[in-house]
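This report concerns only the one structure given below.
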Amino acid sequence: MAKKPPTAKILAPATNYYLTLYNTLSCLCWGYVLVMTCLHLTDVPLPEILNPTSEGAFSFQALVEYTHELVEECIKEVKALLTSSNNAVIATIIPPQLFDIYIRMTTTYDIVGGAVVIVQTAAALEIVHSISGLVKSPLPTTVIQVYSRLFLVWGITQKYEQSRNNPLYSTMILAWSMTEAIRYAFYALSLARGSVPGVLVYLRYSTFYLLYPLGASSEALLILSSLPTTNPLGGFKNGSWNTWDYFRGVMFVVWWPGLLVMMSHMVKQRRKVYGRSTGSTKIKSS
């Protein structure tokens, strides 16, 4: 029997360390996005641990206060716009007790938009992981998941201001960050310990019932918000619609059956896991 090359003994631990580090950092980044989004939407001040008062060359507290003032000024401007005569109908539709949180939802991008761009773009590494065989995730599923996110980040929210200022951006980010924080924590613990606590297994294979529809519907409606308001029939002839507009229109349509496909995939995964065990798993995927 042929012996394995010496590098094979080194490759397995190195791969495990790399994937553990990747999943841990991804979990922390998405956790940061989740916490900052929740603090912004609830208007809860940052914990004292994030506000050091030591005198020195750099004061994070000063940065936080400056950001807070900037966001508050932005909120005032948006509120003034919504309560103006041209947009008075919006203010009348929203209940007074929900008006402030609505305003904060429309400014969520100002708080976490930059972080989302970075961490979601870095997730393109998962395609490399699948192609190279570092993980056993199916390549088509991985490409669809990563591409759909990158399409929303770079093709929609980065290009169209109306999508960044849409309140549905906040619900999309909440769904993304909750899903990814749970998923990456699940894989990081599986790689580091070889087992995952039952509560985390339950969250991984149960929260998608709520988070997938919330995230996918928010994504689809953000795509819709980026489309021209004119009639698409004959829009190419009169110049009101271009090829990119029609492409986004097609993506809006296919998003809904795509949600059903992803939900079906997760339901099957859930049945496999709970048919085996709810206390531990050895699934190794990025």
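Things to note:
- Of the candidates Ser225, Ser195, Ser206, the single residue that is touching a residue at least 24 places away in the same chain (Cβ under 8 Å) and over 24 Å from the mean Cα position of the chain (by Cα) is Ser195.
- Any hit, region 178-193, residues being at pLDDT below 95 and part of a loop (DSSP other than H, G, I, E, B): no
- When Leu150, Leu70, Leu81 are screened for being among the aliphatic types (A, V, I, L, M) and at pLDDT 75 or above, only Leu150 passes.
- Extreme residue, nearest to the chain's Cα centre (by Cα), among residues of region 21-56 that are over 19 Å from Ser170 (Cβ atoms), hydroxyl-bearing (Ser, Thr, Tyr) and at pLDDT below 95: Thr53
- Of residues in region 147-180 being under 15 Å from Thr37 (Cβ atoms) and among the small types (Gly, Ala, Ser), the one surrounded by the fewest Cβ atoms within 10 Å (Cβ to Cβ): Ala175
- Any hit, region 236-246, residues being part of a helix (DSSP H, G or I), out of contact with any Lys or Arg (no Cβ under 7 Å at 6 or more places or on another chain), at pLDDT 85 or above and under 23 Å from Thr141 (Cβ atoms): no
- Odd one out for Tyr212 among (1) touching a Leu at 6+ places or on another chain (Cβ under 7 Å); (2) buried (at least 19 other Cβ atoms within 10 Å of the Cβ): (2)
- Test: residue in region 269-284 that is under 22 Å from Leu152 (Cβ atoms) and either touching a Gly at 6+ places or on another chain (Cβ under 9 Å) or modelled with pLDDT under 95 (or both): no
- Failed criterion for Leu203 (all others in (1) over 29 Å from His40 (Cβ atoms); (2) surrounded by 17 or more Cβ atoms within 10 Å (Cβ to Cβ) hold): (1)
The values are calculated or read from the model by the stated rules, or taken from the named source; none is laboratory data. None of these values were measured; they are calculated from a predicted model. Note that we place each Cβ from the backbone using ideal geometry, even for glycine, and neighbour counts take in every protein chain shown.
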